[in-house]
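Chemist: Take a look at this one; I'll ask things after.
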Amino acid sequence: MTSCQNKVCNPFYGEQPEQWVTEKVSAKVKEVLAEMQLTDDVLRQDMTVFEQNIERGLKKDTHPDSIVKCFITYVQDLPNGSETGKYLALDLGGTNFRVLLVDLAPGKCDLTSDIYSTPVELQTGTGIALFDHIAASLADFIKNHGLENEFLDLGFTFSFPLLQKGLRSGTLVKWTKGYNIPEMIGEDVVKWLREAIERRGDVKINVCAILNDTTGTLMSCAWKNPKCRIGMIVGTGHNACYLEKQSNAEMFDEPDLGSGKVIINLEAAALGDDGALDFLRTDIDREVDAESPNPGKQINEKLISGMFLGEVVRKYTLKFIKSGDMFGGKHDDVFSQRGIIQTSFISNIESDQTGHFDYCKQILAQIGITDASEQDMIDLRYICQLVSTRSAYLCAADASVLIKRIGEPDVVVGIDGSVYKFHPLFRRIMKEKMKDLLDPSFKFDLMLSEDGSGRGAALVAAMAAMRAA
Ligand code: GLC
């Protein structure tokens, strides 16, 4: 572990990309990496592809074959601040699994949360094992926090593609982000949770809503800022949701409760699964995809999210080692190991003040390299910068499409996820690029979501419970 892992550790937050010292980057590295630099024209092309895919996902006749699924979430309202009461929330789908108790009152949202691990064996084992673990963690939380005698409503943030049939029911369409339990595909996840709870018999709760982490992010940010209309994740995975008119959401099949709107979970990660983003992918992207657990799937995510950015950096570095252009041609054994470059390394390497290599040296030492030259570290940092900047640009393109679609003059985008949170320049790069891509008549802001998945799950549960009461 580097000393600044999982902390916002960069004292130079705010440093402009223009201040990057690029003249010292070796000519070969610069030349090869030119393919990672997306011009505004390329990004506009990406936006057109995304926009067309959203249209296809929303429309009844094109939805079945659409790539970007635009799933209906059945959440019709954003919070209005009157949500009150104690709720439980489960958050499964990022790096950690969390159980939370959320105490809501006007202007107040107190969170108590515990993190439980979900070992890889559980992510790729059986449905029963995974859900028994979830129920056991829930029971443990309830006991540890003295909640045995309360009958609480629970919101379940389940961050995988879900075809919902209402707020309380959703069938799993496919696994993503390293999870793979084939027997659960097509199964109602809420039913599995309820049954696991019943098997234990020691937990009294009411599962009253299931939602995606993007919805959680939008809800929690909208609770704080009523201009929020978009939720985005740039973490282990990448996805976005937004508030759409029911009249445009042709797959929506419930009565309007009054807002005329509904949140759409885009499942934006799948953009490009039909080859539509091939014009901007590189050979390295294709290699990373081919070696991933799900080749050909989640193409947009593989260009953007934390699960893959480290791999892209590793692959470029390996290429330069093999051509003798980095590390004196040595250490290909290290850089041949899949997963050795974690995405947090990128954030840390870029957190070094320009011209200094303190974090970079720590990280290299951590993977067994102590003989890097200054040139190697300059080049490595440059690779990291281009990989993270491309991710931020593509997020900017996604968010700009949604802002244009919503059409309101002043919109806030709520964003969660480790890449957005911990990369020292991500927000700034993304925001600047959005200014280039959007007509200046659109005002917008990017808002960091704190505990969005948990808080948002509680808000959705609260709104459902208060409506049922
Ligand atoms: C993956 C999931 C999606 C989730 C995203 C961010 O793309 O399929 O549901 O929102 O990761 O966690």
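The values are calculated or read from the model by the stated rules, or taken from the named source; none is laboratory data. Since we're looking at a predicted model, the values are computed, not measured. Glycine also receives a Cβ, built like all others from the backbone with ideal geometry; neighbour counts cover every protein chain displayed. What goes into the accessible areas is simple: the full protein's heavy atoms, side chains included, and nothing from ligands, DNA or RNA. Shrake-Rupley method; radii C 1.70, N 1.55, O 1.52, S 1.80 Å.
Chemist: Relative to the first principal axis of the alpha-carbon coordinates of the chain, what is the inclination of helix 306-322, with its axis defined by its Cα atoms, in degrees from 0 to 90 and to the nearest 10?
Modeler: The two axes meet at around 20 degrees.
Chemist: Could you tell me how far the Cα centroid of region 225-241 sits from the Cα centroid of region 52-95, in Å?
Modeler: If you average the Cα positions of each part, the centres end up 11 Å apart.
Chemist: Here is a follow-up. Per residue, how much accessible surface does region 114-182 expose to a 1.4 Å probe? Answer in Å², no decimals.
Modeler: On the way: 2800 Å² over 69 residues.
With all protein chains present, region 114-182 gives 41 Å² per residue.
Chemist: With a 1.4 Å probe and all protein chains left in place, how much accessible area per residue does region 229-385 have, in Å²?
Modeler: Working: 5440 Å² over 157 residues.
Accessible area per residue, region 229-385: 35 Å².
Chemist: Please give the solvent-accessible surface of Glu35 in Å², to the nearest 10, using a probe radius of 1.4 Å with every protein chain present.
Modeler: Solvent-accessible area, nearest 10 Å²: 80 Å².
Chemist: So if the hydrodynamic radius of the chain is defined as the Kirkwood radius over C-alpha pairs, what does Stokes-Einstein give as its diffusion coefficient at 20 °C and 1.002 mPa s, in µm² per second? Please report the intermediate quantities before stating the final value.
Modeler: On the way: Rh = 22.8 Å.
For the chosen part, D equals 94 µm²/s.
Chemist: Checking the cross-link filter: which lysines have an alpha carbon closer than 19 Å to that of Lys421, excluding same-chain neighbours under 8 positions apart?
Modeler: Lys7, Lys177, Lys224, Lys302, Lys431, Lys433
Chemist: Over the chain, what relative contact order in percent results from Cα pairs under 8 Å that are six or more residues apart?
Modeler: 23
Chemist: If you take the beta carbon distance between Glu121 and Arg200 as r and set R0 to 22 Å, what does 1/(1 + (r/R0)^6) give as a FRET efficiency, to the nearest 0.05?
Modeler: Details: r = 20 Å, r/R0 = 0.93.
Efficiency computed from Cβ-Cβ geometry: 0.60.
Chemist: Of all the accessible heavy-atom surface of the chain, with the other protein chains kept in place and a 1.4 Å probe, what percent is carbon and sulfur?
Modeler: Values: 8860 of 17990 Å².
The C+S portion of the solvent-accessible surface of the chain is 49 percent.
Chemist: Go through 388-395, 459-466 and give me the packing order, highest mean Cβ count within 10 Å leading. Provide the component values of the computation, followed by the final result.
Modeler: Numbers: 388-395: 26.2, 459-466: 24.1.
So the peptides 388-395, 459-466, ranked by packing, come out 388-395, 459-466.
Chemist: Here's another thing I want to ask about it. How high is the relative contact order of region 151-298? Use alpha-carbon pairs under 8 Å, at least six apart in sequence, and give a whole percent.
Modeler: Numbers: 201 pairs, mean separation 28.0, N = 148.
Over region 151-298, the number comes to 19 percent.
Chemist: How much length is gained on full extension from Gln353 to Glu148, taking 0.36 nm per residue of separation minus their Cα-Cα distance? Don't jump to the answer; show the numbers that get you there.
Modeler: Details: separation 205, 0.36 × 205 = 73.80 nm, distance 5.06 nm.
Contour length minus Cα-Cα distance gives 68.7 nm.
Chemist: Across region 39-50, in residue order, what do the Karplus-derived ³J(HN,Hα) couplings come to in whole Hz, using 6.51 cos²θ - 1.76 cosθ + 1.60 with θ = phi - 60° and x for Gly and Pro?
Modeler: 6, 4, 5, 5, 5, 5, 5, 4, 5, 5, 4, 5
Chemist: Pull out a ≥ b ≥ c, the square roots of the eigenvalues of the alpha-carbon gyration tensor of region 139-235, then state rounded if a/c is under 1.5, prolate if not and a/b is larger than b/c, and oblate in the remaining case. Can you show the working numbers first?
Modeler: Details: a/c = 2.00, a/b = 1.17, b/c = 1.71.
In terms of gyration-tensor shape, oblate.
Chemist: Quickly estimate the mean residue ellipticity at 222 nm for the chain, helices only: each DSSP H run with n ≥ 4 gives -39500 (n - 2.57), and the total goes over all residues, rounded to 500. Walk me through the numbers before you get to the answer.
Modeler: Working: 16 runs with 190 residues, N = 469.
About -12500 deg cm²/dmol.
Chemist: Apply the Karplus curve 6.51 cos²θ - 1.76 cosθ + 1.60, θ = phi - 60°, to the phi angles in region 226-240 and return the couplings in whole Hz, x for Gly and Pro.
Modeler: After applying 6.51 cos²θ - 1.76 cosθ + 1.60, I find x, 7, 6, 10, 10, x, 9, 10, 10, x, 3, x, 9, 6, 8 Hz.
Chemist: Counting alpha carbon pairs within less than 8 Å and at least 6 residues apart, what relative contact order, in whole percent, applies to region 215-337? List each step's numbers first, then the result.
Modeler: Values: 160 pairs, mean separation 24.4, N = 123.
This gives 20 percent for region 215-337.
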